[in-house]
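Please treat every number below as a calculation from the coordinates, not as lab data. Everything numeric here is computed off the predicted structure, so don't read it as measured data. Methodologically, a virtual Cβ is constructed for each residue, glycine included, from the backbone with ideal geometry; neighbour enumeration extends over all protein chains shown.
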Amino acid sequence: MSTDAVTVEKRGAVTILRLAQPESMNALSPAIKAGLEAHVPAFFSDTSARCLIITGTGKAFSAGGDIRSFEPTARPGVSRARMARSHIWLEPLLNGEKPVITAVNGAAVGAGFGVAMCGDIILAAEDAYFQSGFTMVGAVADFGLGLTLPRAIGAVRAKDVLLTNRKVTAAEALAMGMVSRVLPAAELLDQAIDLAEKLARGPTISLGLIKSLVNQGNGATPKAYFNIEAHAQAIAFGSADFAEGVDAFLNKRKPAFKGE
């Protein structure tokens, strides 16, 4: 299933969502947001889907919010309701127990920057860049960016990026730990798919639990973290994939994980 604004491609256990309004640099129009609201939760509820890729089409990943659709004098309640609709699909990207790859093929600005940072693994094309954009229109960082960016690069660097509105090149983003890998533009999607297929063949219960541990461990006390860790490991040890992994290791063969 696809929409005009967000296309969906399934390659076995890998789902690829493409923001598909290149004429507007994939600005997060109502149509794109509606597509993400439909397709992101559907991915996480589909037991056969085990890894998600989000990327853009054309020269941009996403130019951010669609300013033309905004109502500048909207009452706070109206704005909060609009943001809540986006949180429906942003929250599972961050907390859903399946790996998410964002393949940043070009400019990631404003809310598009926020979407890019929702990846568990963030791949950037060599000519991609990241920019806050919010202060240009008197807005605040949204789409989780005030949470994800400091976690990735620390509060001091995050405030520099968000307050000054400066462009961050892919090379600088890699150096400061904002992205996982920088790749030639022509290879970006192919390498994202190869990585996603590798993750999809893995023990996805284990991968999801590791994602949850990293998220919950941020700021937790050692005692609280060890309780979370013990609970997660108990779940992993009870999975069919753990039994398969141990048997494969002992018998010197490749494991065949099923995500169970």
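The relative contact order of the chain, computed from alpha carbon pairs under 8 Å that lie at least 6 residues apart in sequence, is 16 percent. Could you tell me the center-to-center distance, by alpha carbons, between the stretch 183-260 and the stretch 81-118 in angstrom? Rounded to whole Å, the Cα centres lie 21 Å apart. Zone of Glu260 (label point 7 Å along Cα→Cβ, backbone N under 17 Å): which residues in the stretch 1-32? From the stretch 1-32, the list is 13. 3J(HN,Hα) along the stretch 206-223, derived from phi through the Karplus expression 6.51 cos²θ - 1.76 cosθ + 1.60 where θ = phi - 60°, amounts to 4, 4, x, 5, 4, 4, 5, 4, 4, 5, 6, x, 5, x, 6, 6, x, 4 Hz, with x in place of Gly and Pro.
Which trypsin sites (Lys or Arg not before Pro) in the stretch 5-62 pass both tests, a DSSP loop state and at most 16 other beta-carbon atoms within 10 Å?
Loop-located and lightly packed - Lys59.
For Gly119, the amide hydrogen comes within under 5 Å of the amide hydrogens of Thr102, counting only partners 5 or more places away or on other chains and with H modelled in the peptide plane.
Extension gain for Lys167 to Ala243 (0.36 nm times residue separation, less C-alpha to C-alpha distance): 22.6 nm. Oblate is the label for the stretch 6-200. Its Cα gyration tensor axes, ordered a ≥ b ≥ c, give a/c of at least 1.5 and b/c at or above a/b. Distance between the modelled labels on Met136 and Asp46, one decimal in nanometres: 3.4 nm (7 Å Cα→Cβ projection). Could you identify which residue out of Asn215, Asn26, Asn227 has the top mean-square fluctuation in a GNM of the chain using Cα springs shorter than 10 Å? The residue with the greatest mean-square fluctuation here is Asn227.
Annotation note: trypsin sites (Lys or Arg not before Pro) in the stretch 163-260 located in DSSP loop regions with a Cβ neighbour count of at most 14 within 10 Å are Arg166, Lys167, Lys252, Arg253, Lys258.
Helix 155-164 versus the longest principal axis of the chain: what angle, 0 to 90°, nearest 10, using Cα atoms? Taking Cα atoms only, the helix is inclined about 30 degrees. Converting phi to 3J(HN,Hα) with the Karplus coefficients 6.51, -1.76 and 1.60 and the offset θ = phi - 60°, the stretch 126-141 yields 4, 9, 6, 8, 10, 8, 5, x, 5, 5, 5, 10, x, 10, 10, 4 Hz in sequence order, with x at every glycine or proline. Rounded to whole numbers, the Karplus 3J(HN,Hα) couplings from phi for the stretch 98-105 are 9, x, 10, 10, 9, 10, 8, 8 Hz, using 6.51 cos²θ - 1.76 cosθ + 1.60 with θ = phi - 60°, and x at Gly and Pro. Largest mean-square fluctuation among Thr55, Thr148, Thr102, in a Gaussian network model of the chain whose springs join Cα atoms under 10 Å apart, belongs to Thr148. By other beta-carbon atoms within 10 Å, ranking Asp160, Asp241 with the fewest at the front produces Asp160, Asp241. Shape annotation for the stretch 142-186: C-alpha extents along the principal axes are 31, 19, 18 Å, from largest to smallest. Taking amide H positions as modeled 1.01 Å from N, with prolines and chain starts lacking one, the residues under 5 Å from Cys51 and 5 or more places away or on another chain are Thr15. Computed over the Cα atoms of the stretch 204-250, pair by distinct pair, the Kirkwood hydrodynamic radius stands at 11.4 angstrom.
Close amide H partners of Arg11, meaning residues 5 or more places away or on another chain with modelled amide H under 5 Å apart, are Ile16.
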